[in-house]
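One structure below.
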């Protein structure tokens, strides 16, 4: 009969203020909660975006790289700035896009002053 009393005492929660749900082992909460690489929100299209990002920056053909380098130099931009503009806006910059080119160069000078932003 003593053994039965011990078993019942072990299954009873220590406090009745916040009862634990069924199946909970009664252990303490974890200090550092796991955070998945896609952040706190839902997974959404995370893996589609990740695949698309890899494909966009993956090695393009040598002809495309040469074309972009020549075009970027003609506009006074770096290859990365020119390629990023294509990926973000979906169009190739032209000589007539003076305002946008000035914006890119201004952002470059801001990054040189404050590289963390």
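In region 95-111, the count of residues that are surrounded by fewer than 12 Cβ atoms within 10 Å (Cβ to Cβ), in a loop (DSSP other than H, G, I, E, B) and out of contact with any helix residue (DSSP H, G or I) (no Cβ under 6 Å at 6 or more places or on another chain) is one or more.
State whether the residues of region 61-79 include one that is without any contact (Cβ under 8 Å) to a residue 40 or more places away in the chain, outside any helix (DSSP H, G or I) and farther than 19 Å from residue 103 by Cα. Scanning region 61-79, I find at least one residue that is without any contact (Cβ under 8 Å) to a residue 40 or more places away in the chain, outside any helix (DSSP H, G or I) and farther than 19 Å from residue 103 by Cα, so the answer is yes. Quick one: residue 51 ticks every box in (1) in a helix (DSSP H, G or I); (2) in contact with a helix residue (DSSP H, G or I) (Cβ under 8 Å, 6 or more places away or on another chain) bar one, so which box is it? Evaluating residue 51 over (1) in a helix (DSSP H, G or I); (2) in contact with a helix residue (DSSP H, G or I) (Cβ under 8 Å, 6 or more places away or on another chain) leaves (2) as the failure. Taken as a whole, the structure leaves residue 37 outside the set of residues that are surrounded by 10 or more Cβ atoms within 10 Å (Cβ to Cβ) and touching a helix residue (DSSP H, G or I) at 6+ places or on another chain (Cβ under 9 Å).
All of the numbers you see were taken from the coordinates with simple rules; none came from a lab. What you see is a predicted model; the values in this text were computed from it and never measured. All Cβ positions, even for glycine, are placed from backbone atoms using ideal geometry, and neighbour counts span all protein chains on display.
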